[in-house]
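Inspection log for the structure reproduced underneath, given as structure tokens.
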Amino acid sequence: MDIREHRKRLLVLDDEKDVAATICMMAGSAEFEAEYACDAETFLNRVATWKPTHVVIDLQLVDQNGIEVIHKLGDMGCDAALIIVSGLGGRILDSSARAANENGLRLLGTLSKPFSRKTFKAMLASEEQVDKIPKEQPEQPLRSDISEKQLIAAISERSLIAYFQPKISCRNGELVGFECLARWPQSNGAMIPPSVFITMAEKTGLIHNVTRTVYNYAFSNLPDQVKNRKLKIALNLSPLNLADIQFPRWLLHKCQENGVEPSQVILEVTETASMDQPLTLLESLTKFRIQGFQLSIDDFGVGYSSLIQLARLPFSEMKIDQMFVKSLSTSDESQKIVTAVVSLAKSLELNVVAEGVEDSWALNFLRDVGCLEAQGYFIARPMDSVTASKWTARSWPD
Ligand code: C2E
Ligand code: CA
Ligand code: CA
């Protein structure tokens with residue numbers, strides 16, 4: 001057996017020879033075989049021939065810009081774990097991290113120069129955590145060739161369903177509830193995602209029936225323990241549903257029929273700016289609150305889910321957009337934004353949930369800054385009702 005195949009190999013690109021050699025030494029002390037190149041061409045050739053498991057790139061090079069090198073690594077389909085280093089500051093590091101992700105590279109993290117041996121070794125070690133994210137198949141292929149007629153048929157045949165994704169307490173990891181996410185299973189086993197058919201339902205006016213069909217399914221298939229442990233049930237609500245004045249009453253009736261208390265139900269609302277009648281919006285959201293439901297402002301921090309909505313409308317929860325959460329371990333800016341948003345939620349006495357938690361680093365960070373609840377692939381993916389019940393049983397074994 002060739003021992004080299006099993007040893008981790010790290011290749012550094014830095015045009016300052018001393019710095020490159022120092023990084024190699026640090027990597028050596030972490031049991032890596034390490035080499036460096038001082039120009040982009042040598043580096044890229046070495047990537048192709050030596051096939052390093054890890055690469056470290058300095059953004060500022062004399063002969064080429066680090067971003068170009070990152071782009072070329074993407075074109076080569078490089079699967080080495082990448083660390084970006086630079087003396088240029090957090091914002092530039094953040095943008096280059098995004099560029100690396102968008103070029104399909106496996107980013108381990110970014111480091112501001114100078115950094116210590118300890119920091120560097122901790123980053124190399126963090127790869128084990130990255131690898132612990134459950135790497136299941138992507139949930140579903142994207143399908144956009146559906147027709148309105150097919151959606152009408154799906155509604156009348158009640159073939160729209162919901163998947164359930166757990167939300168846990170950041171403080172103690174306990175299950176606090178589930179978000180119900182709409183799904184449209186096909187006869188060939190494929191699954192049409194909500195991004196496709198919810199948009200179509202909104203455009204065609206079918207959204208009222210789609211929402212009721214999905215909610216009906218969710219209420220009839222709640223994972224075990226939701227009722228007796230009074231877990232939370234988060235449901236997504238299109239702002240267009242608010243025009244349906246019968247809806248709050250219908251939902252109350254659904255709760256009574258299924259033994260669920262309205263206070264267990266959280267309605268997650270996004271993009272409320274698309275409503276052109278602010279008074280109607282204010283009235284209908286307030287009606288839900290009066291009936292005892294919770295209201296969450298979804299995707300907080302992006303689009304229209306903004307401070308204005310928060311100030312005007314009776315929300316009880318804020319859901320931090322996954323864009324900020326996914327990038328927590330690599331972005332200084334995201335860390336600052338999430339910290340500020342959590343503190344804002346606290347001062348407004350709102351529940352605060354972070355979604356898009358993809359690694360343990362993010363979960364620990366969220367706990368440390370006082371975020372209350374977390375949801376994301378690191379905890380669990382959305383699951384069918386039976387699988388979600390099994391997941392619940394792990395929290396409360398018989
Ligand atoms: P959303 O409400 O922001 O839901 C979160 C989305 O992020 C879900 O996608 C979920 O599967 C995904 N997600 C959860 N954790 C992670 C993570 O750690 N990493 C990543 N990359 N993604 C994660 P999904 O199920 O495809 O839903 C997309 C959107 O469709 C939802 O975004 C929501 O706006 C909408 N939607 C879903 N179900 C319904 C529904 O019943 N009614 C309405 N009106 N909209 C719905
Ligand atoms: Ca949501
Ligand atoms: Ca969201």
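The values are calculated or read from the model by the stated rules, or taken from the named source; none is laboratory data. None of the values given here were measured: they were computed from a predicted structure. Here Cβ is always computed from backbone atoms with ideal geometry, including for glycine, and neighbour counts include all displayed protein chains.
For residue 46, work out the one condition from (1) at pLDDT below 95; (2) closer than 26 Å to residue 88 by Cβ; (3) not hydrophobic (A, V, I, L, M, F, W, C) it doesn't fulfil.
(1)
Return only the number of the condition from (1) within 14 Å of ligand 1 (Cβ to nearest atom); (2) in contact with a Phe, Trp or Tyr (Cβ under 9 Å, 6 or more places away or on another chain); (3) at positive phi that residue 205 does not satisfy.
Checking residue 205 against (1) within 14 Å of ligand 1 (Cβ to nearest atom); (2) in contact with a Phe, Trp or Tyr (Cβ under 9 Å, 6 or more places away or on another chain); (3) at positive phi, the one that fails is (2).
Of everything in segment 277-306 that's within 16 Å of ligand 3 (Cβ to nearest atom) and surrounded by fewer than 18 Cβ atoms within 10 Å (Cβ to Cβ), which residue is nearest to residue 345 (Cα to Cα)?
306
Quick check: anything in segment 311-331 over 24 Å from residue 238 (Cα atoms), away from ligand 1 (no atom under 16 Å from the Cβ) and of a type outside the set (A, V, I, L, M)?
no
What is the one condition in (1) part of a helix (DSSP H, G or I); (2) within 23 Å of residue 127 (Cβ to Cβ) that residue 91 does not satisfy?
(2)
So that you can scan it fast, the table gives a plain yes or no per residue for (1) modelled with pLDDT of 95 or more; (2) in contact with a Lys or Arg (Cβ under 8 Å, 6 or more places away or on another chain); (3) polar (S, T, N, Q):
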| position | (1), (2), (3) |
| --- | --- |
| 288 | no, no, no |
| 312 | no, no, no |
| 351 | yes, no, yes |
| 368 | yes, no, no |
| 381 | yes, no, no |
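Would you check if residue 394 is of a type in the set (Lys, Arg) and in a loop (DSSP other than H, G, I, E, B)?
No; evaluated as a whole, the condition is false for this residue.
Do we have residue 309 as within 16 Å of ligand 2 (Cβ to nearest atom) and either without any contact (Cβ under 8 Å) to a residue 60 or more places away in the chain or surrounded by fewer than 18 Cβ atoms within 10 Å (Cβ to Cβ) (or both) here?
Answer is yes for this residue.
Okay, residues lined up against (1) aromatic (Phe, Trp, Tyr); (2) more than 13 Å from ligand 1 (Cβ to nearest atom); (3) surrounded by 18 or more Cβ atoms within 10 Å (Cβ to Cβ):
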residue	(1), (2), (3)
220	no, yes, no
227	no, yes, no
236	no, no, yes
239	no, no, yes
245	no, yes, no
248	no, yes, yes
260	no, yes, yes
268	no, no, yes
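Being out of contact with any strand residue (DSSP E or B) (no Cβ under 9 Å at 6 or more places or on another chain) and either under 23 Å from residue 98 (Cα atoms) or within 16 Å of ligand 2 (Cβ to nearest atom) (or both) is true for just one of 331, 327. Which residue is that?
Just a single option satisfies the conditions, and that option is 327.
Pull up segment 156-174, narrow it to residues that are within 15 Å of ligand 1 (Cβ to nearest atom) and either closer than 16 Å to residue 354 by Cα or surrounded by fewer than 18 Cβ atoms within 10 Å (Cβ to Cβ) (or both), then point me to the one that is farthest from the chain's Cα centre (by Cα).
Among those residues, the one meeting the criterion is 158.
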